[in-house]
1. Going through the range 57-72 one residue at a time, which ones are surrounded by fewer than 15 Cβ atoms within 10 Å (Cβ to Cβ) and polar (S, T, N, Q)?
2. With (1) in contact (Cβ under 8 Å) with a residue 40 or more places away in the chain; (2) in contact with a Ser or Thr (Cβ under 6 Å, 6 or more places away or on another chain) as the list, and VAL71 as the residue in question, which single condition is left unmet?
3. If you scan the range 75-131, which residues turn out to be assigned to a loop (DSSP other than H, G, I, E, B), among the hydrophobic types (A, V, I, L, M, F, W, C) and more than 15 Å from the chain's Cα centre (by Cα)?
4. If you go through the range 10-27 one residue at a time, how many are farther than 9 Å from LEU42 by Cα, touching a strand residue (DSSP E or B) at 6+ places or on another chain (Cβ under 7 Å) and aromatic (Phe, Trp, Tyr)?
5. Quick one: ARG52 ticks every box in (1) farther than 17 Å from PRO119 by Cβ; (2) of a type outside the set (A, V, I, L, M, F, W, C); (3) in contact with a strand residue (DSSP E or B) (Cβ under 8 Å, 6 or more places away or on another chain); (4) part of a loop (DSSP other than H, G, I, E, B) bar one, so which box is it?
6. Just give me the residues in the range 1-27 being over 23 Å from MET61 (Cα atoms) and part of a loop (DSSP other than H, G, I, E, B), in sequence order.
7. Go through the residues of the range 63-76 one by one and say whether even a single one is touching a Cys at 6+ places or on another chain (Cβ under 9 Å) and within 28 Å of ARG23 (Cα to Cα).
8. Do you know which of the residues in the range 94-109 that are surrounded by 15 or more Cβ atoms within 10 Å (Cβ to Cβ) and of a type outside the set (Gly, Ala, Ser) is farthest from LEU18 (Cα to Cα)?
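The values are calculated or read from the model by the stated rules, or taken from the named source; none is laboratory data. A quick note: this is a predicted structure, and the numbers were derived from the prediction, not measured. Note that each Cβ is placed from the backbone with ideal geometry, even for glycine, and that neighbours are counted across all protein chains shown.
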Amino acid sequence: MLDSTNARSLAEFYRQLLGFEYRPGHEPPAAGEPDPAGEDWLNLWDRAGHPRLAFQQVSVMPEVTWPNGPVHQQLHLDLAVRTKAELDAQHERTQELGARLIEDRSEDSEEPLRVYADPAGHPFCIYVSRA
């Protein structure tokens with residue numbers, strides 16, 4: 001579960017990034033309609049219908065300053081890809097969706113990875129899994 005001052009926006013970021021779907025009843029409302037679920041709690045499921053991520057609306061949340069600064073990471077997702085080419089392709093897509101690059105270790109011969117902050121500031125990694 002990830003806290004956010006804009007739960008709908010953060011859920012939509014991860015829905016697009018990971019290819020998940022909203023739990024029935026948590027889909028975005030039609031334009032101009034109220035969004036009671038987005039003002040409270042949202043769930044994303046994988047395509048098989050298993051719960052994967054949840055998002056909770058909060059009124060205030062300090063932005064994470066990790067790895068430097070007073071506000072430590074409260075969560076850190078690691079997302080794996082199989083090849084360096086996939087890592088590079090995800091880099092462009094991830095930034096287009098609204099993530100901010102924090103650290104680039106994509107040329108590391110042992111474990112190529114990039115660290116991003118999602119739109120709410122939560123850090124996450126995309127790395128090449130050799131397993």
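1. Narrowing the range 57-72 to residues surrounded by fewer than 15 Cβ atoms within 10 Å (Cβ to Cβ): 58-60, 62-63, 65, 67-72.
Correct list: SER59, THR65, ASN68.
2. Of everything listed in (1) in contact (Cβ under 8 Å) with a residue 40 or more places away in the chain; (2) in contact with a Ser or Thr (Cβ under 6 Å, 6 or more places away or on another chain), VAL71 misses just condition (1).
3. Let us first name the residues in the range 75-131 that are assigned to a loop (DSSP other than H, G, I, E, B), namely 75-76, 82-83, 97-99, 106-112, 118-122, 129-131.
Going one step further and asking which of them are among the hydrophobic types (A, V, I, L, M, F, W, C), we end up with 75, 97, 99, 120, 131.
Correct list: ALA131 only.
4. Total satisfying the criteria: 2.
5. (4)
6. If the condition is that a residue be over 23 Å from MET61 (Cα atoms) and part of a loop (DSSP other than H, G, I, E, B), then GLY19, PHE20, ARG23, PRO24, GLY25, GLU27 are the ones that fit.
7. Going residue by residue through the range 63-76, those that are touching a Cys at 6+ places or on another chain (Cβ under 9 Å) are 76.
The next check asks that each one be within 28 Å of ARG23 (Cα to Cα); those that pass are 76.
The answer is yes, given that some residue of the range 63-76 is touching a Cys at 6+ places or on another chain (Cβ under 9 Å) and within 28 Å of ARG23 (Cα to Cα).
8. Let us first name the residues in the range 94-109 that are surrounded by 15 or more Cβ atoms within 10 Å (Cβ to Cβ), namely 94, 97-99, 102, 106.
Going one step further and asking which of them are of a type outside the set (Gly, Ala, Ser), we end up with 94, 97, 102.
Numbers: THR94: 10, LEU97: 11, ILE102: 20 Å.
Out of the qualifying residues, it is ILE102.
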